[in-house]
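Here's the structure, in structure tokens; my notes come after.
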Amino acid sequence: MPFLFALDPISFLIGFISATIFWFVVSRARPLIEELRENMKARREEAQARKTTSIEENHRRATLRRAQGMHLAAQLFALDEILQEPFLLAPPQRVEPGIPPKFEDIVTQTLPYLHTWPEIAAVYHPQTLTLPQAISGNVNLAIIGQPGSGKTVALAHLASLAANRSEQLGNLQNIVPFLVHVADLNLPHTDTKNVLNPIIEAASEHASLFDFNKLSAFINTAFRNGNSLLLVDGYDEITPDEQALVSDFFKLVLQNYPETKIVTTGAPEYLDGLIPLGFAPLAISAWSTNQNQKFLEQWGRLWSQTVAMEAWSQSNLQGIDPLLLNAWLGADLTNLSPLELTLTAWGAYAGDSLGPHVLEAIATHIRRIAPENTPVAALETLAMQAILSAQPVFDPRKAKDWVKSFEVVEHVSDDETGQTLSEEAQAEESKTQKGKKVEKVATPSTSLLDKMTSSGLLVLYPNNKMRFTHAVLAGYLAGHALTTYNAEEKILNQPDWSGKYLTMRYFAAHGDASKLVQSLLEFSRLPMHRPLFAAARWLRDAPKNAAWRGKMFGTLAAILQTEGIPLSLRGQAMAAFVYSNDPSAASLFRQLINSPSFELVHLAVLGAGAMRDVKSVKPLEMALQAPSLSVRRAACMALVAININESLEIVAQTLLNGDEDIRRAAGEAIAIDTNEGHAMLRDGITINDILLRRAVVYGLGRIQEDWAIEMLKKIQIEDEQWVVRNAATEVLDSKLAVNSLAPTRLSVPHESPWLIEFAAKKGLGVSPGTPATDIFLLALKEDDPDARLAALPYLKYHPNEGVISQIYNAMYNDDPELREAAYLTLWEMGVSGVKLPHPSQYGLG
């Protein structure tokens, strides 16, 4: 029988009324509940923000402290006190059909893009980028340059700007910097769930105890929000195998946090893994003569205000005027790197220099920071073992074995013996010496490596890692050590890395490098000639009577005079002659200025100017009448670089009386000279000559000073001639759009308008996710010069034989602009590890 419920009408009525009243109250209170909920959420977010802000501010302060100590003279001055702002050479413009080219000055058009030899750019001042401008293009960067060129300082400066939320960073003002050395990163790292662990661990080393547990969440949030700037130093110092680990880590980070901005350092010889990840290599500019002088003045002022007040300093060079010292130092600063100039100035002001040569400045600094009474042989052995084992970042436990024969042994008394000997040893002592006066016992003192770390010669990292404080010091010591060992073959067989070439360079300065040079010349070949140009840097410091110099100069001269190859390649040979500072180089340039080949004359003229060869003034004056506009422009630049009254007067006459093109070249060239040149431009703008005033406007555009900008603004409004006003507008617009010179990301092929249009004309389509290599190759073979240039940046990511052969064909094309772009593409492929065959394989060269 079914069970029946009895329904009580009164209970039902009461329940119904209660429910109605309840929901009525709830509906009326809903806005209040929502408001309470929002208030609670806001309070939670504010609490989290306060917590995050506290961690972030502490992190920024820690980053700033570390960055300010990342330079050679950190024990004397903070970085910002002695900083010369780093600049990067602006890369060649990327060409795209349908988009007008950006403004480019005559100097940049005339000077080949020599990013592996920025010393030439320091003479002629082509367009450059500040670090904030360089990262504004939203591309990850590799700052390339020779050891000692200032790459670490560039990273530290960028970290300081970000830590201080500098307005120079523009839209990136609030970005969070993470500054690490490759030795800080515990690699390899394959944990895809905790990608940022190596960065968190590295940051934890510099975080306060109170922030330690909160750091992980802060770092993850910064990367997740796309608000992180990862600055990685030391990539240029390690071997290709170690570089591969770092680039794999970069790839992992970018896959998980694609908005992350990464800036690292690189060597011009090898950038394993970075180019395929979309990194843009930008060369750090060498210091100009004006920058050298400004640095010395800054050094002298700071030294007088701080270091000279200390007792040890007053006993050395008391009373010597910094002006006198700087005048003496400034007499010969040819082709010195920032590191070399710093050490030269330090030695002069401290009065402890071993001699006037740059090699002696390096040796002085090693002696300065080495532990007291440490044999030089111990330092050299340690450096040599690190280089020969290809371990620039080495394990201290291995290093102790390398230098154990140099460990200092000191004598201690009976009381001290009890603290150092084992219990068994003490028992044995008591048995054999009972009842006798205890003799002093020899025991090891503090570890030699510990002393080197304390003195600043070595840097210690977590996870049993250690390195020399600077690669140049390690290379110098290792190179000097190799003069007493027969290890040339072993070092030659190593893959290309900066430590290898540094060691060979300093070996060549102290010993007979004939065998090394012979081997490198045999290895060297088109299209890069990398071994040859690496060895060419040895010429400056090598003995003038070295047997191999003649063969080296002969090979360089052959490349310089080879027709039909890119100017960027031939220009490297010219730069090598200039860098050697050999008197015979100036004679060669004077001879080649009379060549019938305009391209060769172009390079010879630039070389003579870069060497500041006063004997070349007359030949350069004759070159101003050459049929080639490039030669005439180069002659103006060279005459200003020589910078004597006679050469400046010739350029001034050209500015007054030349044709329109050469007047503009003279105006831009003379802007380099801050004294006579700037005065000429100030006077020139007042003369009633339209072409002269127009040329002066372009010259003023190259001066990065407020007075020049104010003068241009006045001309833009007040000049009577529209031609002059338009020139001023063009120059001022280029200054406002300077960020447009920064490298930018390539559009994906299916979103590139010019490629879609080009493919449609060929009856083809560009599909998402499908490689468009064949279409780019078709564009490279087209008659349209813009389409050919636009295709090259894409093809470097597809280095197969078919692509390489077509780029070689472009490199030997009659179009000089295409030749240069193809060569740069091949260079990027080569430094990425692609094995480039000799052009003869394709019937070229």
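The values are calculated or read from the model by the stated rules, or taken from the named source; none is laboratory data. Note that the structure is predicted; figures quoted are calculated from it, not measured. Reconstructed Cβ throughout: ideal geometry from the backbone, glycine too, with neighbour counts over all protein chains shown. We work out accessible area using only protein heavy atoms, side chains counted, and drop any ligands, DNA or RNA first. Shrake-Rupley method; radii C 1.70, N 1.55, O 1.52, S 1.80 Å.
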(message) If a residue must be surrounded by fewer than 21 Cβ atoms within 10 Å (Cβ to Cβ), in contact with a Ser or Thr (Cβ under 9 Å, 6 or more places away or on another chain) and in contact (Cβ under 8 Å) with a residue 60 or more places away in the chain, how many such residues does the range 336-357 contain?
(response) 1
(request) Could you please find all residues in the range 664-690 being over 13 Å from Ile703 (Cα atoms), open to solvent by less than 40 Å² (accessible area, probe 1.4 Å) and part of a helix (DSSP H, G or I)? (result) Arg664, Ala665, Ala666, Gly684
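Does Leu556 satisfy the criteria of being of a type in the set (A, V, I, L, M, F, W, C) and open to solvent by 10 Å² or more (accessible area, probe 1.4 Å)?
Numbers: of a type in the set (A, V, I, L, M, F, W, C): yes; open to solvent by 10 Å² or more (accessible area, probe 1.4 Å): no.
No: the conditions fail for Leu556.
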(message) Anything in the range 800-818 that is open to solvent by 10 Å² or more (accessible area, probe 1.4 Å) and farther than 15 Å from His838 by Cα? List them, or say none.
(response) Asn813, Asp814, Asp815, Pro816, Glu817
(message) Just to be sure I understand the filter: pairs with C-beta atoms under 9 Å, separated by 6 or more residues or on different chains, first member in the range 527-546 and farther than 20 Å from Leu567 by Cα and open to solvent by 10 Å² or more (accessible area, probe 1.4 Å), second member polar (S, T, N, Q) and assigned to a loop (DSSP other than H, G, I, E, B). Which pairs pass?
(response) Arg540/Thr334; Arg540/Asn335; Arg540/Asn581
(message) Can you tell me which residue is farthest from Pro785 (Cα to Cα) among those in the range 81-102 that are crowded, with 19+ Cβ neighbours inside 10 Å and in contact with a Ser or Thr (Cβ under 7 Å, 6 or more places away or on another chain)?
(response) Phe87
(message) Between a residue in the range 273-284 that is part of a loop (DSSP other than H, G, I, E, B) and any residue that is among the basic types (Lys, Arg), which pairs come within a Cβ distance under 7 Å, given they are 6 or more apart or on different chains?
(response) Gly278/Arg745
(request) Collect the residues in the range 126-160 that are over 14 Å from Phe87 (Cβ atoms), over 11 Å from the mean Cα position of the chain (by Cα) and open to solvent by 20 Å² or more (accessible area, probe 1.4 Å), keeping them in residue-number order. (result) Ser136, Asn138
(request) Can you give me the number of residues within the range 606-622 that are open to solvent by less than 10 Å² (accessible area, probe 1.4 Å) and free of Cβ contacts under 8 Å to residues at least 40 places away in the same chain? (result) 5
(request) Kindly list the number of the only condition in (1) open to solvent by less than 20 Å² (accessible area, probe 1.4 Å); (2) closer than 30 Å to His206 by Cβ; (3) under 29 Å from the mean Cα position of the chain (by Cα) that fails for Ile491. (result) (2)
(message) So Leu603 ticks every box in (1) under 33 Å from the mean Cα position of the chain (by Cα); (2) under 21 Å from Gly658 (Cα atoms); (3) surrounded by 18 or more Cβ atoms within 10 Å (Cβ to Cβ) but one. Which box is left unticked?
(response) (2)
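Hey, could you check the range 710-722 for residues that are open to solvent by 50 Å² or more (accessible area, probe 1.4 Å) and not charged (D, E, K, R) and say which is nearest to Ile690 (Cα to Cα)? I'd like the intermediate steps shown before the answer.
From the range 710-722, those open to solvent by 50 Å² or more (accessible area, probe 1.4 Å) are 710, 713-714, 716-718, 720-722; that's our starting set.
Now narrow it down to the ones that are not charged (D, E, K, R): 716-717, 721-722.
Details: Gln716: 14, Ile717: 15, Gln721: 7, Trp722: 10 Å.
This residue is Gln721.
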(request) Kindly establish whether Asn739 is under 30 Å from Gly170 (Cα atoms) and more than 33 Å from the chain's Cα centre (by Cα). (result) no
(message) Need pairs with beta-carbon distance below 9 Å; first residue in contact (Cβ under 8 Å) with a residue 60 or more places away in the chain and closer than 18 Å to Gln518 by Cβ and within the range 493-504, second surrounded by fewer than 17 Cβ atoms within 10 Å (Cβ to Cβ) and of a type in the set (A, V, I, L, M, F, W, C); sequence gap 6+ or separate chains.
(response) Lys500/Leu492
(request) Go through the range 174-186 and count every residue that is out of contact with any Gly (no Cβ under 7 Å at 6 or more places or on another chain) and at pLDDT 95 or above. (result) 9
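Starting from residues that are among the hydroxyl-bearing types (Ser, Thr, Tyr) and over 13 Å from Arg60 (Cα atoms), keep the ones in the range 165-203 and report whichever is most open to solvent (accessible area, probe 1.4 Å).
Filtering the range 165-203 for residues that are among the hydroxyl-bearing types (Ser, Thr, Tyr) and over 13 Å from Arg60 (Cα atoms), the one most open to solvent (accessible area, probe 1.4 Å) comes out as Thr190.
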(request) For the range 96-122, enumerate the residues that are in a helix (DSSP H, G or I) and farther than 22 Å from Lys735 by Cα. (result) Pro118, Glu119, Ile120
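Only one residue in His510, His480 is modelled with pLDDT of 95 or more, within 30 Å of Gln75 (Cα to Cα) and surrounded by fewer than 21 Cβ atoms within 10 Å (Cβ to Cβ), so which one is that?
Numbers: His480 fails: surrounded by fewer than 21 Cβ atoms within 10 Å (Cβ to Cβ).
Going through His510, His480 in turn, just one is modelled with pLDDT of 95 or more, within 30 Å of Gln75 (Cα to Cα) and surrounded by fewer than 21 Cβ atoms within 10 Å (Cβ to Cβ): His510.
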(message) Pairs needed: first member in the range 585-596, under 11 Å from Ser616 (Cα atoms); second member anywhere, open to solvent by 30 Å² or more (accessible area, probe 1.4 Å) and modelled with pLDDT of 95 or more; C-beta distance under 6 Å; at least 6 residues apart or different chains.
(response) Ala586/Met611; Arg590/Pro619; Ile593/Pro619
(message) Considering only residues that are open to solvent by 10 Å² or more (accessible area, probe 1.4 Å), outside any helix (DSSP H, G or I) and at negative phi, which ones fall in the range 215-237?
(response) Asn225, Asn227
(request) Read through the list (1) surrounded by 15 or more Cβ atoms within 10 Å (Cβ to Cβ); (2) in contact (Cβ under 8 Å) with a residue 40 or more places away in the chain, then give the number of the only condition that Asp784 fails. (result) (1)
(request) Determine whether the range 370-382 contains at least one residue that is open to solvent by less than 30 Å² (accessible area, probe 1.4 Å) and without any contact (Cβ under 8 Å) to a residue 40 or more places away in the chain. (result) no
